[in-house]
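Structure, as structure tokens:
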Amino acid sequence: MAKKQVTEIAGRDELASSLAEGLNKKFKDFKAVYFLDNTEETPTDLTEWVSTGSSTLDLAIANRPNGGLPVGRIAEFTGLEAAGKSLIMAHLLANTQKKGGLAVYIDTENALSEEFLRAIGVDVANMLYIPLETIEDIFEAIENIIESIRKSSKDRLVTIVVDSVAAATTKVELEADYDKDGWATTKAILMSKAMRKITNMIGKQRIVLAFTNQLREKMGVMFGDKYTTSGGKALGFHASVRVRLQSVGKLKAKIGSKEIIVGVETEATVTKNRLGPPYKKAKFEIYFDSGINDLGSWFTLLKEYGVLSGTGAWYTLVREDTGEEIKFQSKDWIAKLEADQDLKNYAYDKMCSVMISKYRHTEQSSEIEVDSTDVIGFDE
């Protein structure tokens with residue numbers, strides 16, 4: 001029996017068009033099939049981002065200018081204590097409010113500092129603060145917020161922060177005594193069920209859902225990643241972005257003759273990324289009294305990539321667009337950028353040029369030389 005030839009109509013596969021039409025008639029409540037070359041948006045389109053407070057981390061996550069965390073997706077920030085997880089959440093809420101959105105903070109640690117939030121720039125008078133204890137209550141609150149948004153303010157940007165998964169308990173655990181009661185798997189089971197329900201709900205709304213989670217050491221691990229997170233693997237599976245934070249140094253200042261610690265240097269690694277290439281890193285300074293020193297991290301990045309040349313106190317930036325040589329002291333870098341918007345734009349463009357990866361298409365050359373000795377896990 002001869003096979004029927006599949007023809008194209010207006011450049012599109014006839015069978016695909018027929019299937020799309022049939023499925024969209026079957027699922028009348030919502031459009032089930034999209035062609036990705038349509039001018040209209042599809043549910044997976046990402047058109048909006050909320051900054052983490054660090055331009056370098058925003059670029060590492062979004063792989064595009066003016067990125068950050070994607071609206072309509074789930075993100076998880078992990079790290080040991082004092083790595084900066086809660087601080088980035090505060091920046092995220094502040095930047096949501098700057099875009100006219102609603103900031104929602106779900107606190108399971110009972111450790112929120114109003115004064116600290118104000119220092120970061122959060123309008124605490126208009127932030128919704130929800131102290132909850134159990135995983136069940138957390139996801140019930142999230143679902144309630146989504147349903148309320150659908151009814152009244154569907155177009156309003158909302159960022160929901162859950163800080164943290166590790167500190168959340170379950171109703172069974174809350175009602176039990178302090179004796180060991182077998183394997184504590186209830187939390188992971190509840191997380192798995194909740195994430196299956198919530199992921200698609202988030203994707204259809206202007207909502208950013210961000211979780212923080214504490215790293216724990218696995219017992220007896222000699223090779224590979226020795227850390228795991230609380231609550232099972234469901235959150236990591238459903239999250240579009242996972243960022244691991246690590247404190248890599250302390251920032252010190254002198255008051256009189258006494259040296260005190262005023263902040264920490266943090267390195268962020270994007271361990272999972274469905275928006276761009278994973279494993280990109282960003283390094284930035286965090287000051288206890290003001291948060292992320294964003295412009296300072298620009299200096300570090302541009303110096304590492306050779307855009308800024310010099311050693312010690314004096315550095316030079318050669319503008320490729322004008323040929324101008326700009327000499328400055330490192331301590332004057334932030335003030336110089338803040339005083340010259342054109343220079344600031346140029347510096348940001350240079351950061352984008354070195355951090356943003358471009359995808360290769362079939363019509364482009366795909367010949368890349370790879371040294372097998374540099375590939376992790378390669379075994380002849």
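Quick rundown of the values:
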{"item": "Residue within segment 268-279 that is open to solvent by 20 Å² or more (accessible area, probe 1.4 Å) and more than 15 Å from the chain's Cα centre (by Cα) present", "result": "no"}
{"item": "Criterion (under 24 Å from residue 78 (Cβ atoms), charged (D, E, K, R) and surrounded by fewer than 18 Cβ atoms within 10 Å (Cβ to Cβ)) met by exactly one of 133, 175, 115, 147", "result": "133"}
{"item": "Selection from segment 131-162 of residues that are hydrophobic (A, V, I, L, M, F, W, C) and outside any strand (DSSP E or B)", "result": "132, 135, 138, 139, 141, 142, 145, 146, 149, 157"}
{"item": "Residue check for residue 152: open to solvent by 80 Å² or more (accessible area, probe 1.4 Å), more than 17 Å from residue 107 (Cβ to Cβ) and out of contact with any Ser or Thr (no Cβ under 8 Å at 6 or more places or on another chain)", "result": "yes"}
{"item": "Filter result (touching a Phe, Trp or Tyr at 6+ places or on another chain (Cβ under 8 Å), open to solvent by 50 Å² or more (accessible area, probe 1.4 Å) and touching a residue at least 12 places away in the same chain (Cβ under 8 Å)) within segment 204-218", "result": "216"}
{"item": "Of all residues making up segment 228-253, the number that are touching a helix residue (DSSP H, G or I) at 6+ places or on another chain (Cβ under 7 Å) and of a type in the set (D, E, K, R)", "result": "1"}
{"item": "Any hit, segment 283-297, residues being aromatic (Phe, Trp, Tyr), open to solvent by 50 Å² or more (accessible area, probe 1.4 Å) and either more than 21 Å from the chain's Cα centre (by Cα) or closer than 19 Å to residue 90 by Cα (or both)", "result": "yes"}
{"item": "Scan of segment 345-363 for residues that are open to solvent by less than 60 Å² (accessible area, probe 1.4 Å), modelled with pLDDT of 95 or more and not hydrophobic (A, V, I, L, M, F, W, C), ordered by number", "result": "346, 348, 350"}
{"item": "Residue list for segment 323-344, restricted to those being open to solvent by 40 Å² or more (accessible area, probe 1.4 Å) and assigned to a helix (DSSP H, G or I)", "result": "330, 331, 332, 334, 335, 336, 338, 339, 341, 342, 344"}
{"item": "Output for segment 306-322, where each listed residue is within 12 Å of residue 347 (Cα to Cα) and not in a strand (DSSP E or B)", "result": "307, 319, 320, 321"}
{"item": "Pick from segment 178-197, criterion among the small types (Gly, Ala, Ser) and over 24 Å from the mean Cα position of the chain (by Cα), ranking: farthest from residue 75 (Cα to Cα)", "result": "182"}
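The values are calculated or read from the model by the stated rules, or taken from the named source; none is laboratory data. Everything numeric here is computed off the predicted structure, so don't read it as measured data. All Cβ positions, glycine included, derive from the backbone under ideal geometry; neighbour counts span all protein chains shown. Surface areas here come from the heavy atoms of the whole protein model, side chains and all, with no ligands, DNA or RNA. Shrake-Rupley method; radii C 1.70, N 1.55, O 1.52, S 1.80 Å.
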